Amino acid sequence: MQPGTPNTEAASITAELSNEFLSSARVFAWSVREVIERTVLKEISDDRLTFSQLKLLYLVAHTDALNIGDAAAFLGVTCGAAGRAVEKLVRRRLLRRYAAQEDRRTFRLSLTEASRKLMDAYQTARDYRTKLALEQFAPEELAKTADLLDRLAGAIISGSPNPDATCMQCEIYFREHCRFGDYGHRNCFYQYHKKRERKDTPKSSPAEGKVD
């Protein structure tokens, strides 16, 4: 059943069942965030990297030309805070930054060797810890659950006042084909950047100073 399709069994969804579902969803989200993401990040970076910084590195690894507004929206912070986050990672030699000559509001970033190794280590450790947690379940069961989660999320946002919005909700879990985008009618931020980069590859020059 697609999100928004009338369900004859809707009357049987009680307040108690709704609360139980939302409680389980919150506990699952907490488990992923605290037990997998933050624990792994602490192991591989020794508390020298925050999760927001990891997200920014991931964003750079999967996009090219950015502006401060893109980074701010992705991190959920102000443009000023996003600019400071970029500056801090550049100073720590975890990012390289190049100013686009055609538009000073846009800059190009790339990972350094150090940040690339850090990202590889994080993904390897994360995948290992996730495998240990999920190996008790059959692959078919996990695939069906993943699809159900996408359908549920799509159903929840189907009544959003902002249809066809640009979506960044997968954060550090980009997938080429996002079912949530299909169910929830959302446009993928990463895919948008890939299309834009194919159309326009602006000339750039190294810039070590701050981008205005």
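Annotations for the structure displayed:
- With the whole protein complex present, LEU132 retains an accessible surface near 90 Å², based on a 1.4 Å probe.
- HIS62-GLU16 FRET efficiency (beta carbon distance; Förster radius 41 Å; 0.05 resolution): 0.50
- Between GLU140 and SER23, full extension at 0.36 nm per residue minus the direct alpha carbon distance yields a gain of 39.7 nm.
- Of the peptides 138-149, 30-41, 66-77, the order by per-residue mean of other Cβ atoms within 10 Å, starting with the highest, comes out as 66-77, 30-41, 138-149.
- Interchain or long-range residues, amide H under 5 Å from ALA165's placed H: ASN187
- 20 °C / 1.002 mPa s Stokes-Einstein diffusion coefficient of region 20-59, Kirkwood radius on C-alpha pairs, µm²/s: 193 µm²/s
- At an R0 of 35 angstrom, the distance between the Cβ atoms of LYS42 and ARG179 translates into a FRET efficiency of 0.65.
- Extension gain for the segment SER31 to LEU149, taken as residue separation times 0.36 nm less the Cα-Cα distance, is 40.9 nm to one decimal.
- Restraint check, LYS88/LYS131; LYS42/LYS131; LYS42/LYS88, Cα-Cα greater than 28 Å: LYS88/LYS131
- The gain in end-to-end length when the GLU171 to ARG84 segment is fully stretched comes to 29.3 nm, 0.36 nm per residue minus the alpha carbon separation.
The values are calculated or read from the model by the stated rules, or taken from the named source; none is laboratory data. None of the values given here were measured: they were computed from a predicted structure. We place every Cβ from the backbone using ideal geometry, glycine too, and count neighbours over all the protein chains shown. Remember, those area values only see protein heavy atoms, side chains included, never the ligands or the DNA or RNA. Shrake-Rupley method; radii C 1.70, N 1.55, O 1.52, S 1.80 Å.
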